[in-house]
Each structure stands twice: as structure tokens, then as C-alpha cells.
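A.B. asks: First, the structure itself, so that you have it in front of you.
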Amino acid sequence: MPRTTQNPRLYEFAKRGAEVELRELVQEVKLLIGLFPHLRNLPDEDELPRSSIVAEDSGVSTKKKARRRKRSQMSAAARKAVSERMKKYWAARRKTEKE
């Protein structure tokens, strides 16, 4: 999948293609269920339930997007403390490499 920062136009084309592919897959699922009505309610728990693929009569996936966790913001003092700690750490590493 192209990154949006590299080429936004290419990303939009990929996004449109994915949307078309999803619509085609939904139509194929509806066709298969029309041909084989017993697939509407799959009895086997190991098989993927229909509700997780297609919402009833909507043609849209029912799975929710995963929420991204927010990063906690560091204060200026905390950044400075980390900076000093890392400077000390890398100075010690360089010192041991020379020996």
C-alpha cells in the first residue's frame, strides 16, 4: 500500500481500487448466498460468520476500525532529562568501543 506522504494521487487511486474490489466481493457474497441460502446462517463455529463480512442489506463491512492510541506528550523538562541520559549513555558506549 503506498504511503500517503509519498504520493497522495497514487494513494487515492489505490483507495478507489480497494473500494471497487470490496463492492465486487460483497456482490459475490450476495450472489453465493442467493444460490446457496443455507449459507445465510452457518452452523459451524469455525467458519467465518456472514455478519462479520457483510452488514445486512447495506453492502458495507461491519468490522470497526481499530482506534489508535494517543501518545502521551513529554514536557520540556522530561525531554531534556532523556537527552542528558542518552548523551551519557552514548558517551559510555563510545568509550568502551575504544578500549
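The values are calculated or read from the model by the stated rules, or taken from the named source; none is laboratory data. Everything numeric here is computed off the predicted structure, so don't read it as measured data.
A.B. asks: Answer with yes or no whether SER83 is of a type in the set (S, T, N, Q) and modelled with pLDDT of 85 or more.
C.D. replies: yes
A.B. asks: Would the stretch 53-72 turn up any residue that is modelled with pLDDT of 60 or more and outside any loop (DSSP other than H, G, I, E, B)?
C.D. replies: Just the residues of the stretch 53-72 that are modelled with pLDDT of 60 or more, to begin with: 64-72.
Filter again for outside any loop (DSSP other than H, G, I, E, B), leaving none.
Within the stretch 53-72 (the criterion being modelled with pLDDT of 60 or more and outside any loop (DSSP other than H, G, I, E, B)), the answer is no, since none of the residues qualifies.
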